[in-house]
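K.L.:
Before I ask anything, here is the structure I am working with.
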Amino acid sequence: MTAKKSLRLLLGIGLAALFLWLILRQISFEEIRRAFDGASFIWVTAALLAFAVGYSCRIERWRSMLERDSPGLTWQRCAGPLLASFAANNVLPFRAGDALRAFAFNRKLGTTSGVVVATLFVERLLDLLMVLVLLGVAVAVFGLDTKHFAGIGSAALIVAALAILFVLLFPRFFTPFVLAMGRLVIRVAPGFGQKLFDEINKSLSTLHHLAQGGTMIRLVLWSVLAWLAEGCVFWFAALALPTLSAPLAGWLALPVGTLATLIPSTPGYIGTFDFFTVHAMTTLGNDSVAATAYALLVHALLWLPPTLVGGLYLLVFPVHQRQEKLKAVSS
C-alpha cells in the first residue's frame, strides 16, 4: 500500500470516528435501543423488497450498457458480478469492488476491461445526477434553503446536474484529449501503452454508444426507477419506527446521506452516512434519538443485503483470474 493510500485510509478512519462521536456524544445506547421498541416488521420487509427492486433495476441498467459488446448477455449473468463488486466496496478500502468488476468477470460477461470501465463511469455519473435531482426536489417540496441546509445554492445544484448531462451526452468533446494521453503512454512504454490505448478506444466507443439518444433515455429511465425504489427503502424504514414524527423526511435523508458518501470514510461509509442522515431527519423535526436509530436501521438495510448476497456469490464462484492485476490496482 502506498503512502498516499495509507494517508487516505487513516483520514477516512479519522473522519468516521469524528462523525460517530458527533452522533453519539449526547445519546446513550439504551435510548437508541428504546427507539427501536415497536418497530414494524412489515415495513422493514417492505423496505427490503424495495431494495431488491432497486438493485434489479441497477443490474438491468448495467446489462443494457454491456449488451452491444456482449450480445445475448442475460440479467442473471450480470447480477452476480455487480453484487460482488458492491460487497467488496462495503468491506474493502479504495473502491476495490470497482476494480473487481473491471477486471475479474470479463470472461463471464463476454466483454473487456475497457468496456466495463466505461460503464462504471456512466453508472457513477447517472447515480450522481439522480441524487442531485432528488436533493433539488426534496428541498423544494420541504421548503428548505439549500445554501443554509447543504452549504450550496440551488444554482450550484443546477450547474452540477447540467455538467453531468454534458459529459454523458457529449463524450466526443473530451475524446481528443484522452486519445492524446494514450499516445503519450505508448511513447513512454510501447508494449503496455498499446494495450492501454486499445482499451481506451473500447471505452470511448462504449461512451459514444451510450450517449446516443435512445440508449441514454433508457439508461436514465432505469436510473430513475432504481433511485425511486431506493427512496422507498428510506421511506419504509422511517415508517417502521413509530418514534419518528416525520417519516417523509426519509426522502430528504436519501440524497443527503448518499452525497455524504463522497467524503473519505471507511468501507461501508460508517459515520459519514449516519451523521448526515441524522442531520436530514432532525432538520424536518424528528427527535435526535429516533433519527439516530433510523440512520442505523437504513444503513443496515442498504449494507447487509448486497454484502451477504455478493459475498456468497464470491464464495460459490471464487475469482481466480487476474488476481495479480487486482492486487496491483488495490495496493
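K.L.:
What is the magnitude of the charge dipole of the chain about its Cα centre, with +1 placed on the Cβ of each Lys and Arg, -1 on the Cβ of each Asp and Glu, and no other charges, expressed in debye to the nearest 20?
P.N.:
The dipole magnitude comes to about 1280 debye.
K.L.:
Using a 10 Å cut-off around each Cβ, can you sort Met130, Met181, Met65 from fewest to most neighbouring Cβ atoms?
P.N.:
Final ranking by Cβ density, sparse to dense: Met181, Met130, Met65.
K.L.:
A follow-up question, please. As an exercise, identify the trypsin sites (Lys or Arg not before Pro) in segment 1-104 lying in DSSP coil whose Cβ has no more than 11 other Cβ atoms within 10 Å. Let's see the in-between values first.
P.N.:
Values: sites: Lys4, Lys5, Arg8, Arg25, Arg33, Arg34, Arg58, Arg61, Arg63, Arg68, Arg77, Arg95, Arg101; in loops: Arg25, Arg68, Arg95.
Filter output for segment 1-104: Arg25.
K.L.:
Which of Trp43, Trp75 comes first, and how do the rest follow, when ranked by fewest Cβ neighbours within 10 Å?
P.N.:
Fewest to most other Cβ atoms nearby, the residues stand as Trp75, Trp43.
K.L.:
When all C-alpha to C-alpha distances in segment 94-136 are sorted into bins of 10 Å, what percent of pairs does each bin hold, rounded to whole numbers?
P.N.:
Over segment 94-136, the share of Cα pairs per 10 Å bin runs 27, 43, 23, 8, 0 percent.
K.L.:
Would you mind listing how long segment 38-182 runs along its three principal axes, going by Cα atoms, in whole Å with the largest first?
P.N.:
49, 48, 30
K.L.:
Fewest Cβ neighbours within 10 Å first, please rank Asp145, Asp287, Asp198, Asp98 accordingly.
P.N.:
Ordered from fewest to most neighbouring Cβ atoms within 10 Å, Asp145, Asp287, Asp198, Asp98 come out as Asp145, Asp198, Asp287, Asp98.
K.L.:
Across segment 204-331, how large is the tail of the calculated P(r) beyond 22 Å, expressed as a percent of all Cα pairs? All intermediate terms of the calculation are to be shown ahead of the outcome.
P.N.:
Values: 4312 of 8128 pairs.
Looking at segment 204-331, the distances longer than 22 Å represent 53 percent of pairs.
K.L.:
In deg cm²/dmol and to the nearest 500, what is the mean residue ellipticity at 222 nm of the chain if only DSSP H runs of at least 4 residues count, each as -39500 (n - 2.57), divided by the residue total? Before the final figure, lay out the partial values.
P.N.:
Numbers: 16 runs with 256 residues, N = 331.
Taken over the chain, the calculation gives -25500 deg cm²/dmol.
K.L.:
Could you pull out the chymotrypsin sites (Phe, Trp or Tyr not before Pro) across segment 130-233 that fall in loop regions by DSSP (anything but H, G, I, E, B) with no more than 13 other Cβ atoms inside 10 Å?
P.N.:
Loop-located and lightly packed - Phe174.
K.L.:
I'd like the projected area of the chain, averaged over all directions, using the convex hull of its alpha carbons. Report it in nm² with one decimal. Working shown, then result.
P.N.:
On the way: hull surface 71.4 nm².
The directionally averaged projection comes out at 17.9 nm².
K.L.:
Right, here's the next one. Mind putting a number on the dipole of segment 48-88 about its Cα centre? Charges go on the C-beta only, +1 for Lys and Arg and -1 for Asp and Glu, and I need it in Debye to the nearest 20.
P.N.:
20
The numbers here are math on the coordinates, done by the rules we state, and not lab data. Values in this document were obtained by computation on a predicted structure and should not be read as measured data. For neighbour counting, all protein chains shown are included, and Cβ atoms are generated from backbone atoms with ideal geometry for every residue, glycine included.
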